[in-house]
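Participant: My questions will all concern the structure given below.
The values are calculated or read from the model by the stated rules, or taken from the named source; none is laboratory data. These numbers come from a predicted model, not from an experiment. All Cβ positions, glycine included, derive from the backbone under ideal geometry; neighbour counts span all protein chains shown. For accessibility, only protein heavy atoms count, side chains too; no ligands or nucleic acids. Shrake-Rupley method; radii C 1.70, N 1.55, O 1.52, S 1.80 Å.
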Amino acid sequence: AAAGAEAELKALTHAVLKRLKERQLEGLLHAVESRGGARTPCLLLPAKADSRLGQHWYPLPGLLCKVFRWPDLRHCSEVKRLCCCESYGKAHPELVCCNPHHLSRLCELESPPPPYSRYPMDFLKPT
């Protein structure tokens with residue numbers, strides 16, 4: 001099943017890349033090759049152009065992040081837009097930036113945080 005999903009991901013990415021203008025492709029290539037080391041422009045694509053991958057539905061920024069940066073990315077909630085990006089903080093932009101290096105991955109906690117205590121010093125009180 002993994003090979004099928006990979007082929008599907010490839011086809012989907014190919015379909016997205018085919019829609020890009022030459023300048024956009026060059027910008028994306030530059031961003032990917034520099035691994036975010038260079039300041040690269042936003043890659044603004046229609047926010048409505050979402051893509052289905054099997055059972056999963058990927059907004060374009062998530063799709064390009066999965067392909068070019070984090071193959072194990074499961075959900076778009078795992079990434080956050082960087083403030084250098086034009087789409088940053090816009091609630092409903094018609095165009096959304098899909099430059100994978102304009103997003104950063106949120107750290108996943110290995111273990112759940114400790115239980116919250118209203119009185120952190122309670123354990124010091126004599127019993």
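Participant: Can you list residue pairs whose Cβ atoms sit under 6 Å apart, with the first residue in the stretch 1-22 being closer than 16 Å to Arg69 by Cβ and open to solvent by less than 100 Å² (accessible area, probe 1.4 Å) and the second being in a loop (DSSP other than H, G, I, E, B) and at pLDDT 85 or above? Count only pairs 6 or more apart in sequence or on different chains.
Facilitator: Going by the 6 Å Cβ cut-off, there are no qualifying pairs.
Here is a yes/no grid of residues against (1) surrounded by fewer than 14 Cβ atoms within 10 Å (Cβ to Cβ); (2) of a type in the set (Phe, Trp, Tyr); (3) modelled with pLDDT of 85 or more:
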| site | (1), (2), (3) |
| --- | --- |
| Arg35 | yes, no, yes |
| Ala47 | no, no, no |
| Asp50 | yes, no, no |
| Leu53 | no, no, no |
| Pro59 | no, no, no |
| Cys65 | no, no, yes |
| Ser77 | yes, no, no |
| Arg81 | no, no, yes |
| Lys90 | no, no, no |
